[in-house]
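One structure below.
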Amino acid sequence: MSKRILVADDDPAMLKVYERILARTSHAVEKASTFAEAAALIAARDFDLLITDLMLPDGLGTDLIKFFEKKRAGARSLLVTGSARELPAAELPENYFEKPFDVASFMAAVAAALE
């Protein structure tokens, strides 16, 4: 069954990477390049998975994850960051990846989150 994935990243090149690797799945993928754009999509639609960069131009991915979790009980998300050192360890979610990430490990995490 096809799931809905929202990807939030302000880097157009990374959005293309996500688009290319997620195209291998049968899931519908929507993209946002700002916190505000992603939050509006979350408010308007139901997503099964949020993939977000830590640093968005107008907010933090961790705050976007919190917003997503408030909208949908049991929401699943993956955080991607250029450096995990940008946040204290206590603030890092369980599922995070540092750029550049291993595509196979990332896709395994996506599949697990959507089960």
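Derivation of every value follows stated rules applied to the coordinates shown; laboratory data play no part. Source: prediction; values computed, not measured. Counting neighbours? That spans all protein chains shown, and the Cβs are built from the backbone with ideal geometry, glycine included.
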Problem set entry | Sequence of Thr52, Thr81 once ranked by neighbouring C-beta atoms within 10 Å, starting from the fewest | Thr81, Thr52
For this session: Taking 7 Å along the Cα-to-C-beta vector as the label spot, tell me the Ala40-Lys16 distance in nanometres, rounded to one decimal.
Result: 2.5
Exercise. Using a ≥ b ≥ c from the Cα gyration tensor of region 2-54 (square roots of the eigenvalues), is it rounded, prolate or oblate, where a/c under 1.5 gives rounded and otherwise the larger of a/b and b/c decides, a/b for prolate?
Worked result: oblate
Seminar exercise, completed: Among [x] 14, 49, 32, 4, 0; [y] 16, 48, 26, 9, 1; [z] 14, 53, 32, 2, the value of P(r) over Cα pairs in 10 Å bins from 0, in percent computed for this structure carries the label [z]
Exercise. Tell me, what ³J(HN,Hα) does each residue in region 98-105 have, in order and in whole Hz, if you take phi through Karplus 6.51 cos²θ - 1.76 cosθ + 1.60 with θ = phi - 60° and put x for Gly and Pro?
Worked result: 9, 6, x, 9, 6, 4, 5, 5
